[in-house]
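The values are calculated or read from the model by the stated rules, or taken from the named source; none is laboratory data. Computed from a predicted model, the values in this text were never measured in an experiment. Don't worry about glycine lacking a Cβ; one is built from the backbone with ideal geometry, like all the others, and counts go over all protein chains shown.
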Amino acid sequence: MLTMKTSDVLTFCISTYNNLPYLKLAIHSVRKNSYFKDAPFIIHAENCTDGTNEWLENHKEKYNLTLIIEPKNEIVKGIGGGMNICAERVNTEYIMFLHSDFYVTKDWDLECYKEIQKHSEPTWVFSHRVEPNMFNSPDRPGTVLVDLNTFGAYYYNFNSLDFEEWAEEFKQLNDFTIPKTEGVSGLIKKSDWDAIGGNDAIFSPTSWEDIDLFLRMRIKGYKFVLTSKSVVWHFGARGSHRLEENNGRSDIRQQTSEGINYLKFFKKWGGNPTFDEFGTINGIK
């Protein structure tokens with residue numbers, strides 16, 4: 001049994017852009033289902049025009065949120081840059097990053113915390129994800145892809161109670177870890193985040209910043225662990241690809257940034273990334 005104050009261990013951090021319906025679900029689930037439910041919670045919102053800023057201001061006391069609202073940035077930081085901004089304001093030992101299109105389940109944060117205590121080297125612990133199969137992708141390690149109708153693929157038809165029940169059964173039936181990364185989410189010591197320098201600003205507003213970050217960490221000897229005991233629902237790239245707004249396709253900002261940032265990555269590292277059997281970057285060729 002933990003004896004420390006739950007508000008002193010970690011800080012939840014989300015960076016968001018025009019994703020209000022999903023952001024509401026994410027924030028609600030964190031305060032409902034987290035073990036450290038009273039922990040500090042920092043939200044960075046950049047250039048939002050969908051009512052996010054107003055909703056956050058109106059609900060910051062209810063959810064005990066610290067807000068960083070940047071309504072009119074000409075030089076866009078993006079979600080990766082927003083994570084850096086959130087991390088700068090963290091005063092706890094650990095940072096718990098999550099995306100605005102997550103829905104977390106019971107004690108997801110505690111299970112990551114228990115796992116990270118097992119490791120002496122710099123370690124980043126990730127949750128097992130469950131996603132609606134929006135892109136007709138094959139299953140991959142650390143992620144379960146389900147039919148769009150299993151729990152509901154959209155904010156307006158998502159059945160959170162059914163998913164929470166399914167997640168508890170999944171955790172009872174599974175007990176494993178794999179050396180896998182899952183986007184810029186999960187639990188990491190603030191000192192380890194600071195030591196590596198966070199996301200590289202050259203990849204703003206989106207795409208390739210996580211691959212670059214994980215490569216830098218791998219070179220420095222960081223360890224990655226994904227645990228089946230921590231389960232989150234991921235709506236599937238809703239925070240960046242804007243699927244609802246574009247008939248299920250990625251928006252122009254995302255497509256453009258992916259192409260430009262691939263070239264930046266290639267120039268920075270002098271080659272293409274290689275990945276291990278779990279899908280985590282392990283080098284350059």
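Quick look at the numbers
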quantity	calculated
When residues of region 64-77 are limited to those that are touching a Leu at 6+ places or on another chain (Cβ under 9 Å) and closer than 13 Å to I27 by Cβ, the one surrounded by the fewest Cβ atoms within 10 Å (Cβ to Cβ)	L67
Filter result for D8 (part of a loop (DSSP other than H, G, I, E, B), modelled with pLDDT under 95 and either charged (D, E, K, R) or surrounded by 22 or more Cβ atoms within 10 Å (Cβ to Cβ) (or both))	yes
Filtered residues of region 156-177 (kept if polar (S, T, N, Q), part of a loop (DSSP other than H, G, I, E, B) and farther than 22 Å from K32 by Cβ)	N174
Count of region 84-106 residues which are farther than 20 Å from I196 by Cα and either over 16 Å from the mean Cα position of the chain (by Cα) or in a strand (DSSP E or B) (or both)	4
Lone unmet requirement of (1) more than 14 Å from G78 (Cβ to Cβ); (2) buried (at least 19 other Cβ atoms within 10 Å of the Cβ); (3) at pLDDT below 95; (4) among the hydrophobic types (A, V, I, L, M, F, W, C) for W208	(1)
Check on I42, touching a strand residue (DSSP E or B) at 6+ places or on another chain (Cβ under 6 Å), assigned to a strand (DSSP E or B) and free of Cβ contacts under 8 Å to residues at least 60 places away in the same chain	yes
Subset tally (residues that are part of a loop (DSSP other than H, G, I, E, B) and under 18 Å from F102 (Cα atoms)) for region 25-39	5
Long-range neighbours under 9 Å by Cβ, at least six apart or interchain, first residue free of Cβ contacts under 8 Å to residues at least 12 places away in the same chain within region 77-90, second surrounded by fewer than 23 Cβ atoms within 10 Å (Cβ to Cβ)	E88/D194; E88/G198
Filter result for A45 (surrounded by 23 or more Cβ atoms within 10 Å (Cβ to Cβ), of a type in the set (A, V, I, L, M, F, W, C) and over 26 Å from R216 (Cβ atoms))	yes
Region 167-180, residues that are buried (at least 19 other Cβ atoms within 10 Å of the Cβ) and either in contact with a Lys or Arg (Cβ under 7 Å, 6 or more places away or on another chain) or over 15 Å from T227 (Cβ atoms) (or both)	K171
Test for L56: is it in contact (Cβ under 8 Å) with a residue 60 or more places away in the chain and crowded, with 19+ Cβ neighbours inside 10 Å	no
Failed criterion for A153 (all others in (1) outside any helix (DSSP H, G or I); (2) under 24 Å from N199 (Cα atoms); (3) touching a residue at least 24 places away in the same chain (Cβ under 8 Å) hold)	(2)
